[in-house]
Amino acid sequence: MVYKLVLLPGDGTGPEVMREAVKVLKAVEDSFGVSFETIPWPAGGQYYLDQGVEWPDGCYESCKAADAILLGAVGLPEAVLPSGDLAGIGVLFGLRFGLDLFANVRPTKLYPNVRHKVHDGFKQVWEPGKVDFVIVRENTEGLYTPTRGFLSRGGVDELAVDSRIITRKGAERIHRFAFELARTRKGAPADGKRRVTCVDKSNVTAGCRLFRKIYDEVAAGYPEVERDYAYIDAFLQWLMRSPEAYDVAVTSNMFGDIATDLAAVLQGGMGMAAGGNIGDAHAMFEPIHGSAPKHAGKDVVNPVAMILAAQMMLEWLGRRRRDPGLQEAAVAVEKAVGTVLAEGKVLTYDLGGSAKCSESGSAIAATVRRLATKGR
Ligand code: IPM
Ligand code: MG
């Protein structure tokens, strides 16, 4: 079986981290008896500057026909659409909405020997097992629903409106996704209990009241998973104070966007944070750090987020296709990342080391090969 993977390296440091993920996928091919056909497409801000559109004709269709999609990062400060949006966002939203990738899944895990980034000068190593939760963010509605606009009179923008839409369908499927995910996990680090925390602002907004009501309806079908509720403001505070209490948290689109960047601080920063945009039929995986143009071309950024995004892809595809080779590979890639971090010899600058992006990727790929040989 040859899996078709669309690669969208994109802008800034996107292509650099994508190269490292591809190295790791090559190691997977050589060691686990699986094959990938990689289909690269240019897309994003630079493509827009060169061609006047955000992605080429046929790119979306190619994504739709693929078994999975990997995205590096899109966006450059100088590439702005006439609407004022950064060029590249159309690629992200084109995939999220077009392919109905309704669950944005963002695991936050602190690996051994990695420092959290709560205070940069406070070089404390937390007990790693204490941070291991997943934020499941609704990805196709909420404040990101394209029901927005300006009221302009006489050429003056007088009013702007964004409507936040919460639907029964949207809430139901994201809650179900969160509970199903909780079933596959080991529970919260603090007490080993499987738990789904509904994060909302139902003390104020109608949409959140509906979101929570449907959470309760869905939760009734999962008696083995503990129910838990938090308002977004209090949740963020508790998340920083007691991350070990959380297992899976489910929330609406914009709250999830904000919460996941904050959560990345607990896992050693954006260089460690990966995410999956998952629907019933398609999925796209990406690091959540963005294109970081100031670091582009220097081979210095941390490729771990991108490699972990590829790891999530292997896991998703392996489960979906019931392919034991992919499933074993997913376990091995995560183990390889953990091993290289724990050894502490090949770390990029953000983790306190001086390794290059390419050295970090090579070390992880070599460790995948080593682990595979050992396992035989
Ligand atoms: C993310 C990003 C995007 C979002 C931006 C680039 C539109 O911040 O994936 O979290 O807001 O969803
Ligand atoms: Mg974001």
(request) Just tell me which lysines come within less than 28 Å, Cα to Cα, of LYS26; anything on the same chain fewer than 8 places away is out. (result) LYS4, LYS64, LYS109, LYS298, LYS335, LYS345, LYS356, LYS374
(request) Quick one: net charge around ASP299, please, counting Lys, Arg +1 and Asp, Glu -1 for every other residue with C-beta under 11 Å from its C-beta. (result) 0
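Expressed as a rounded percentage, what relative contact order does the range 1-43 have, with Cα pairs under 8 Å and six or more residues apart? Intermediate values should be presented prior to the final figure.
Numbers: 42 pairs, mean separation 29.4, N = 43.
Worked out over the range 1-43, it gives 68 percent.
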(message) Rounded, prolate or oblate for the chain? Axes are the square roots of the Cα gyration tensor eigenvalues, ordered a ≥ b ≥ c, and the cut-off for rounded is a/c under 1.5.
(response) rounded
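Rounded, prolate or oblate: which fits the range 248-376, taking a ≥ b ≥ c as square roots of the Cα gyration tensor eigenvalues, rounded meaning a/c under 1.5, else prolate when a/b beats b/c?
It is oblate, given that a/c is not under 1.5 and a/b is not larger than b/c.
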(request) Would you kindly find the accessible area of TYR349, with a 1.4 Å probe and non-protein molecules such as ligands, DNA and RNA excluded, rounding to the nearest 10 Å²? (result) 120
(message) Let me check against my output: what whole-number percent is the relative contact order of the range 1-156, with C-alpha pairs under 8 Å and at least 6 apart?
(response) 22
(request) Report the label-to-label distance for LYS193 and GLU343 in nanometres (one decimal), using points 7 Å from each Cα along the Cα→Cβ vector. (result) 4.0
(message) For ILE89, ILE288, give me the order by solvent-accessible area with a 1.4 Å probe, most accessible first, ignoring ligands, DNA and RNA.
(response) ILE89, ILE288
(message) Could you sort SER83, SER291 by their accessible area in this structure, using a 1.4 Å probe and putting the largest first?
(response) SER83, SER291
(message) So if each residue of separation counts as 0.36 nm, and I subtract the Cα-Cα distance between ASP85 and MET1, what length gain in nm does that give?
(response) 26.2 nm
(request) With all protein chains present, calculate the accessible area of LYS294 using a 1.4 Å probe and round the result to the nearest 10 Å². (result) 150
(request) Using the Kyte-Doolittle scale, find the helices of the chain whose mean hydropathy is at least -1.0 and whose Cα atoms extend 15 Å or more along the helix's long axis, counting only whole DSSP H runs. (result) 14-32, 168-184, 206-219, 253-264, 304-320, 324-343, 357-375
(request) Determine the dipole magnitude for the chain: charges of +1 sit on the beta-carbon of Lys and Arg, -1 on that of Asp and Glu, nothing else is charged, the reference point is the Cα centre, and the result goes in debye to the nearest 20. (result) 1060
(request) Between GLU172 and ASP233, with labels modelled 7 Å along Cα→Cβ, what's the label distance in nm to one decimal, could you check? (result) 3.3
(message) Under the 0.36 nm per residue contour assumption, what length would be gained going from the current alpha-carbon distance of LYS213 and LYS26 to full extension?
(response) 62.7 nm
(request) Could you please state, rounded to a whole Å, how far the C-alpha centre of the range 272-322 is from the C-alpha centre of the range 153-189? (result) 21
(message) So if I place +1 on the C-beta of Lys and Arg and -1 on the C-beta of Asp and Glu, and nothing else carries charge, what would the dipole magnitude of the range 301-376 be about its Cα centre? I want it in debye, nearest 20.
(response) 340
(request) Taking only Cα atoms and a 10 Å spring cutoff, compute GNM fluctuations for the chain and point out the largest among GLY155, GLY256, GLY276. (result) GLY155
(request) Using only protein heavy atoms and a 1.4 Å probe, report how much of ARG19 is accessible, in Å² to the nearest 10. (result) 140
(request) With a ≥ b ≥ c taken as the square roots of the eigenvalues of the C-alpha gyration tensor of the range 1-146, please select rounded if a/c is under 1.5 and otherwise prolate if a/b is larger than b/c or oblate if it is not? (result) oblate
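The values are calculated or read from the model by the stated rules, or taken from the named source; none is laboratory data. This structure is a prediction, so every number in the text was calculated from the model and none was measured. In this analysis, Cβ positions are derived from the backbone assuming ideal geometry, glycine residues included, and neighbour counts consider all displayed protein chains. Heads up: the accessible areas ignore ligands, DNA and RNA and are worked out on the full protein's heavy atoms, side chains in. Shrake-Rupley method; radii C 1.70, N 1.55, O 1.52, S 1.80 Å.
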